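Input: a single structure, listed below in structure tokens.
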Amino acid sequence: MALINSTEREMREKNVERQRVAAVAAKKKMMDNFAIEKADPIFDPALSKESREGALHRLLIRYKADPKGGDVKGVVFVSSLDERAVLLVRRARRAISAIEESEVNKIGVLDGAANSIILPQRLWEIARLLKIQSDLISEHAEFRQSVATPELEEALAPQEEALGRSVAATVQRVADLEAYALRVQEADSALLAKKVLDGNGKYLDLLSITDDDESMKNLTEQANSVEGALSQSIRSALLAGAALALPEEKPST
């Protein structure tokens with residue numbers, strides 16, 4: 001009897017220990033997920049699965065040490081960007097979401113295969129540039145706190161001019177994404193209008209019964225107009241999407 005009691009106690013203790021270990025692991029996973037969410041990483045889409053996992057591990061270590069911490073190759077923390085850059089990332093993400101979630105994309109009107117490559121790559125390029133710019137802007141802000149001298153101004157001016165050109169080019173990249181998203185939304189709107197007008201047959205029958213030839217003509221002309229608008233808006237969306245890949249991008253370093 002004593003042996004049985006001892007065995008049962010050991011089993012209970014082992015169960016308690018397993019539960020404790022599982023709880024600790026679950027809490028660690030939750031904290032890691034929270035850290036990832038707070039850091040809001042954007043990954044280089046060229047990373048392999050193994051490289052991505054390695055970058056994610058380094059990200060966690062770096063983020064826990066300093067949420068505004070240094071670089072991890074292949075990853076940009078949105079949390080490490082300045083306010084201007086964060087707003088640009090949000091604009092880029094909204095544009096990409098609008099494209100990916102559009103009806104014309106879902107039904108295969110757009111070049112989905114190209115979008116699946118181009119859009120993540122464009123977001124990564126924007127994030128990478130914004131990270132470099134944020135760091136340089138912060139560095140120059142520190143320099144500007146020093147005593148202003150002609151020598152300092154002479155050194156800073158050309159650097160800030162180069163930085164300004166880079167910032168403007170990155171803003172344009174975001175604007176290009178937004179222009180593509182707008183063309184896609186216009187195509188969606190034209191597609192919806194076409195779906196509405198596909199029901200014209202019922203109304204033409206009604207007008208035929210009421211001998212309203214003028215209204216029948218107007219409905220037919222409107223349907224033809226919408227058909228043309230849909231074709232044009234789809235062409236515009238495809239051209240805007242193709243423009244994102246031109247000129248050929250330099251590989252990330």
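Read the figures in this text as sums done on the coordinates, not as results from a lab. If you're wondering where the values come from, they're calculated on a predicted model, not measured in any experiment. Every residue, glycine as well, gets a Cβ built from its backbone with ideal geometry; the counts of neighbours run over all protein chains shown.
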Quick one: if you stick a label point 7 Å off each Cα along the C-beta vector at His57 and Arg84, how many nm between them? 3.8 nm
Stokes-Einstein D for the range 63-187 at 37 °C, 0.692 mPa s, Kirkwood Rh over Cα pairs, in µm²/s? 199 µm²/s
Checking rank on 99-108, 163-172, with mean other Cβ inside 10 Å and highest first, the result is 99-108, 163-172
Most packed first (mean Cβ within 10 Å per residue), the peptides 43-54, 122-133 order as 122-133, 43-54
